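To keep things clear, I will list the structure first and then write my remarks on it.
The values are calculated or read from the model by the stated rules, or taken from the named source; none is laboratory data. Values in this document were obtained by computation on a predicted structure and should not be read as measured data. In this analysis, Cβ positions are derived from the backbone assuming ideal geometry, glycine residues included, and neighbour counts consider all displayed protein chains.
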Amino acid sequence: MKTSGNTILLTGGGSGIGRALAQRWHDAGNKVVVAGRRTDTLQETAAGRDGIAVERLDVDDVDGLAANVAAILARHPDINVLVNNAGIMRFERLDSKRDLADAESTIATNLLGPIRLTNALIDHLTGKPDAAIVNVTSGLAFVPLMSTPTYGATKAAIHSYTVALRESLRGRVEVIELAPPGVQTDLTPGQSTRPGYQPLNDFADEVMALFATDPTPAEILVRNVQPLRHAERDGTHDQVLAGLTEHSRTALAQLP
């Protein structure tokens, strides 16, 4: 993937990883279009940066998505990179019957959202030079966290989808997976200061350095996520899972 000169459409750019990467890609000489449901937070990302544009986009609006994407492309016809970053993470208990609203919302946003948006843009991207798709997954795609089971399941599904997409588009569109570890953001309550999670700025700096590698790796894996990504290969899956499960029990104990 080119490090500069792109026009990047990035979802979930109003906070956390999305905001940090949008601003760094802008600093590196790219135009960035941040898209999402809340334009107020997107405006905060774009503040003082003429090269960051804001677009309202709701990937759950199945009926209106095609028209919305067409309007965005009319305003930004040079988009050549799609970054599927928007996501939600909800704590869930699996040991008794429950309301599935959180699980269903997580599937809609984290799994169906990237699939729908990729589908809406694929014909445009295959006609662009230096085109790329970046799907943001998670280390929890490879070792699940008991307290966020649907989140991990959606990220595992997007990992598999990304592998298939890469093969389908080989030679036409570069397909990259970015799998973060636990990062200090506001994804879940208290996460922005949670000990053991990677500081956001450190994570974003490491990610940008990896994107600058030539050739760009198919998987962008910072050091902190590699124990999860390679747990099966290294024979450490059970040990890593046990550590995450203990973390989950603490988190679930704090739920009402």
Positions within the range 28-47 being among the charged types (D, E, K, R) and farther than 19 Å from ASP78 by Cβ, in sequence order = ARG37, ARG38, ASP40, GLU44
Would you mind finding the one in VAL225, VAL163 that is closer than 28 Å to MET1 by Cβ, surrounded by fewer than 17 Cβ atoms within 10 Å (Cβ to Cβ) and of a type in the set (Val, Ile, Thr)?
-> VAL163
Residue under evaluation TYR151, criteria (1) assigned to a loop (DSSP other than H, G, I, E, B); (2) among the hydroxyl-bearing types (Ser, Thr, Tyr); (3) within 15 Å of the chain's Cα centre (by Cα), criterion not met = (1)
Close pairs from the range 86-103: first farther than 16 Å from ALA156 by Cα, partner aromatic (Phe, Trp, Tyr) and not in a helix (DSSP H, G or I), Cβ under 9 Å, at least 6 apart = ASP102/PHE91
Would the range 28-35 turn up any residue that is hydrophobic (A, V, I, L, M, F, W, C) and surrounded by fewer than 20 Cβ atoms within 10 Å (Cβ to Cβ)?
-> yes
Answer residue from the range 178-203, given it is in contact with a Pro (Cβ under 9 Å, 6 or more places away or on another chain) and touching a residue at least 40 places away in the same chain (Cβ under 8 Å) and is surrounded by the fewest Cβ atoms within 10 Å (Cβ to Cβ) among those | PRO181
The residue that is surrounded by the fewest Cβ atoms within 10 Å (Cβ to Cβ), considering only those in the range 91-138 that are in a loop (DSSP other than H, G, I, E, B) and among the hydroxyl-bearing types (Ser, Thr, Tyr), is SER96
Just one of the numbered conditions (1) out of contact with any Lys or Arg (no Cβ under 6 Å at 6 or more places or on another chain); (2) part of a helix (DSSP H, G or I) is not true of VAL33; which one?
-> (2)
If you scan the range 175-194, which residues turn out to be at pLDDT 90 or above and among the β-branched types (Val, Ile, Thr)?
-> VAL175, ILE176, VAL183
Looking at the range 41-67, which of its residues are without any contact (Cβ under 8 Å) to a residue 12 or more places away in the chain and in a helix (DSSP H, G or I)?
-> GLN43, ASP63, GLY64, ALA67
Unique residue being among the acidic types (Asp, Glu), modelled with pLDDT under 95 and farther than 23 Å from PHE211 by Cα when the list is ASP123, ASP95, ASP102 | ASP95
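Matching residues to (1) among the hydroxyl-bearing types (Ser, Thr, Tyr); (2) assigned to a helix (DSSP H, G or I); (3) within 17 Å of the chain's Cα centre (by Cα); (4) at pLDDT 95 or above:
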residue	(1), (2), (3), (4)
LEU210	no, yes, yes, yes
THR213	yes, no, no, yes
PRO227	no, yes, no, yes
GLN239	no, yes, no, yes
GLU246	no, yes, no, no
ARG249	no, yes, no, no
